[in-house]
Amino acid sequence: MVVKTLFVRDVFSLAGGSRVELLGWVRNKRLHGKLVFLDVRDSTGVIQVAVKVGVASGSAYENAVRVGREAAVRVVGEAVKDPRAPGGVEIACRELEVIGDALEEFPIKPGVGARFLHDHRHLHLRSPKVSAVMRVRAKLLDAARRWFEEHGFVEIHCPTFITAAVEGGATLFKVDYFGREAYLTQSVQFYQEAAIYGLEKVYSIQPSFRAEKSKTRRHLTEFWHVEAELAHAGLEDLMKVVEGLVSFSVREAVERSAEEFRTIGRTFNLSSVEPPFERIKYAEALELLESRGVSLEWGSDLGADEERILTQQFEKPFFVTHYPREAKAFYHMPDPHDGRVTLSADLLAPQGYGEIVGGGQRIHDYNQLLERIREEGLNPEEYKWYLDLRKYGSVPHSGFGLGVERLLQWVLGLRSVRSACLFPRTRARLYP
Ligand code: 4AD
Ligand code: MG
């Protein structure tokens, strides 16, 4: 075996008759009698390969005629300028070796529907568009990590098996844990709250699980969650962190992905992540909705429809703060100036996309937390260790969770969060 040294992307800058050897896959094939055109793809792009009788060896021509779409091939030839070829360069093929044949006709063809593509996601991943999405995703997370590291956060890794709900019982996945009932975590928040007493500023990037029953374009049952928690921080400190992280990560990912955005067909205006992000209170959000003819009862959470209508009026992400108690989980700190609302903040993406971040200040007083747990009809026994954290040097602290797929959906203009996942998991989709 040789380590591959030449990629399709490099060939475009060669031309002029340089001899090249490429390893790739046949994306498409066109037969014109004594001339066969193969579009050969690798991880960096697609290039046209001309296999012509008289130029190519006899076996190369035979292989080109019989080879199927998505067969793996080794191409040897010369890179030549040709204005008719996509990208202005093609390979005049000398040798064509079939490394891995296509045993059957490749099932993914133009015109197949979205459902078919998801049923064949393991094969559809080869498409340049899917690859582009995955590259932007990787760049976004790389930038997020760099931002956290530069701002003194320590990366921690938390358990997935848990014993009590963070975000309410309705979306908990039950697991049989050697005869005991356990759950898959909805958020690592509580473990992060424990960790701040040693590390002060922590972050995690790992999957969260929600037994979401509703079928929407923004809900997955398994999603990647960027979460952070800070000691000695209030709501405004938290919003500064979210603003800094989101604007930096998106800017970096967009600036480093020009080619990917072209492949996807998306233009993203960087001014839409220029801080500061506007802050509006929940009560103001209700008024804005009212002015659009949507009335929502005070206390209800903003649903997908309300968020869509609300965010259509914005060009940048914005915070909605001070949600009512009844719309938020028990751990949210009630506002000392108005006990009906909490020191909470969601970040909503503009142009109809909606919530991408949820967070706020936590209750740090032992008795107040115990009271809220009881008020919600939860069993304090199940939250014993979480309550314990309020017994020994408890301090004001805040944190948030950002949905990676939700952020990508907005940045890349994807119809559904499913397209932001390698293998999406939803209520209806567990295969492949
Ligand atoms: O608003 P959520 O439920 O907040 C929490 O889980 C907090 N405990 C986080 C924290 O403070 N550490 O979820 C946070 C974000 C949402 O804003 C959304 O982006 C994403 O996680 N999210 C989902 N993404 C895809 N599919 C789902 N079913 C999601 N549920 C939440
Ligand atoms: Mg939320």
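For the reader, a short list of remarks on this structure follows.
- Charge-dipole axis of the stretch 297-432 as Lys and Arg at +1 and Asp and Glu at -1 on Cβ define it, positive-most pick from Pro324, Gln312, Leu402: Leu402
- Long-range HN-HN contacts of Asp335 with modeled amide H, under 5 Å: Val341, Thr342, Leu343
- Karplus-derived HN-Hα couplings along the stretch 97-102 (A = 6.51, B = -1.76, C = 1.60, θ = phi - 60°), whole Hz, x at Gly and Pro: 10, 8, 7, x, 6, 8
- Here r is the Cβ-Cβ distance between Asp338 and Asn28 and R0 is 60 Å; the resulting FRET efficiency, rounded to 0.05, is 0.45.
- Spin-label pair Glu105-Leu378: with each label point 7 Å from Cα along the Cα-Cβ axis, the two points sit 5.6 nm from one another.
- At an R0 of 56 angstrom, the distance between the Cβ atoms of Gln313 and Leu35 translates into a FRET efficiency of 0.50.
- A Cα-only calculation for the stretch 203-353 places Rg and Dmax at 16.7, 50 Å.
- Ranked by how many other Cβ atoms sit within 10 Å of their own Cβ, fewest first, the residues Asp335, Asp142 fall in the order Asp142, Asp335.
- Residue with peak Gaussian network fluctuation, the chain [Cα springs, cutoff 10 Å], from Asp237, Asp346, Asp176: Asp176
- Viscosity 0.890 mPa s, 25 °C: Kirkwood-radius Stokes-Einstein D of the stretch 162-291 over Cα pairs, µm²/s: 135 µm²/s
- Computed across the stretch 1-137, the Kirkwood radius stands at 15.5 Å (inverse of mean 1/r, all Cα pairs).
- Cα gyration tensor category, rounded, prolate or oblate, for the stretch 293-432 with a/c compared to 1.5: prolate
- Protection proxy ranking for 208-217, 58-67, using the average of other Cβ atoms within 10 Å per residue and placing the highest first: 58-67, 208-217.
- Pairs from Lys109/Lys174; Lys129/Lys240; Lys215/Lys240; Lys201/Lys384; Lys174/Lys215 whose Cα-Cα separation, in the structure shown, is over 29 Å: Lys109/Lys174; Lys129/Lys240; Lys215/Lys240
- Cβ crowding within 10 Å averaged over residues, with 198-205, 221-228, 422-429 ranked highest first: 221-228, 198-205, 422-429
- Extension gain for the segment Asn269 to Val80, taken as residue separation times 0.36 nm less the Cα-Cα distance, is 64.4 nm to one decimal.
- Placing pseudo-labels 7 Å out from each Cα toward the beta carbon at Ser214 and Tyr366 gives an inter-label distance of 3.9 nm.
- Whole-angstrom gap from the stretch 106-162 to the stretch 243-313, using each part's C-alpha centre: 21 Å
- Remark: the chain is approximated by an ellipsoid whose semi-axes, taken from the C-alpha gyration tensor as √(5λ), come to 51, 22, 20 Å, largest first.
- CD proxy at 222 nm, helix term only [per DSSP H run n ≥ 4: -39500 (n - 2.57); per residue of the chain; nearest 500]: -8500 deg cm²/dmol
- In nm, spacing of pseudo-spin labels at Asp10 and Ala327 (7 Å Cα→C-beta vector): 5.5 nm
- Amide H to amide H, with H built 1.01 Å from N, Ala71 comes under 5 Å of Val26, Ala102, counting only residues 5 or more places away or on other chains.
- Dipole moment magnitude, nearest 20 debye, the chain about Cα centre, only Lys, Arg, Asp, Glu C-beta charged: 2040 debye
- Folded to 0 to 90 degrees: helix 282-291 orientation relative to the chain principal axis, Cα: 70 degrees
Computed from the coordinates by the stated procedures, all read-outs in this text should not be read as laboratory data. The structure presented is a predicted model; accordingly, all values stated were derived computationally and were not measured. With ideal geometry, Cβ positions are generated from the backbone for all residues, glycine too; neighbour counts draw on all protein chains shown.
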